[in-house]
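Worksheet: the structure to be examined is printed underneath.
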Amino acid sequence: MIQHEGDPHRCVVLLPGVRYFSQAPLLWFAREAAQADGWSVVEVDERAPSDQEPFEWMRGQARQALDAAGSELTVVVGKSLGSAAAPMVSGPAVWLTPLLVRPEIVEALASAAAAALLVGSPADPTWGDGTVPNNPALEVLELEGLDHSLQVSGDPLASLDALRTVTQRVAAFYERVAGTP
């Protein structure tokens, strides 16, 4: 884990996907948005070892990162595999391409009491074939025509536009949960 110091009372925990690490654009800019607003950040920057079951590994990493955060307000930002932590997260969260094809993740999101932002695309089979839960605590940003990385294959400028939209919504979410304008 990498720890970035900021306000000790507010911390963002970044959980990667299987092949989508914390240096990839969505998580990179989620961290940048948090740091620009003074948050501390705990970044899981590893990949699941090949000899471990990835969902169990992610839940273990999430537990360690949440313990390391140690702040009054913690926001979890999970990409894809990172959404395996949804059943253990009781505070606010941002789920980037959550695995809505997994019943335990859908169930956790459906029963979430804290604010959460879900970001995905109907073109992504892990989103489009899943069930977006009907829960008033969930804010949903659905972007058409994007792949599982929330990109447009072969169109880097359209991908940058999508990244800008997601980053703006994530930054606005941080401000809302922190109670800042």
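Structural remarks
- In the set (1) open to solvent by 20 Å² or more (accessible area, probe 1.4 Å); (2) closer than 19 Å to L96 by Cα; (3) not in a loop (DSSP other than H, G, I, E, B), Q3 fails one condition alone, (2).
- The listed residue being acidic (D, E) and within 24 Å of E53 (Cβ to Cβ), out of D67, D161, D155, D147: D67
- Of all residues making up region 127-176, the number that are open to solvent by less than 30 Å² (accessible area, probe 1.4 Å) and of a type in the set (S, T, N, Q): 2
- Selected residue (criterion: farthest from A65 (Cα to Cα)) from residues of region 10-25 that are open to solvent by 30 Å² or more (accessible area, probe 1.4 Å) and in a loop (DSSP other than H, G, I, E, B): R19
- Condition check for V75: open to solvent by 20 Å² or more (accessible area, probe 1.4 Å) and of a type in the set (A, V, I, L, M): no
- Criterion: small (G, A, S) and either touching an Asp or Glu at 6+ places or on another chain (Cβ under 6 Å) or in contact (Cβ under 8 Å) with a residue 60 or more places away in the chain (or both) - qualifying residue of A93, A30: A30
- Extreme residue, surrounded by the most Cβ atoms within 10 Å (Cβ to Cβ), among residues of region 60-72 that are in contact (Cβ under 8 Å) with a residue 24 or more places away in the chain and over 17 Å from P92 (Cα atoms): Q61
- Tally, over region 26-57, of residues that are open to solvent by 60 Å² or more (accessible area, probe 1.4 Å) and of a type outside the set (F, W, Y): 10
- Of residues in region 1-51 being more than 17 Å from the chain's Cα centre (by Cα), at pLDDT 90 or above and small (G, A, S), the one nearest to V152 (Cα to Cα): A36
The values are calculated or read from the model by the stated rules, or taken from the named source; none is laboratory data. It should be emphasised that the depicted structure is a prediction, and the values quoted were computed from it without experimental measurement. FYI the Cβ positions are ideal-geometry reconstructions off the backbone, even for glycines, and counts take in every protein chain you see. In case anyone asks, the SASA skips ligands and DNA or RNA and just uses the protein heavy atoms, side chains included. Shrake-Rupley method; radii C 1.70, N 1.55, O 1.52, S 1.80 Å.
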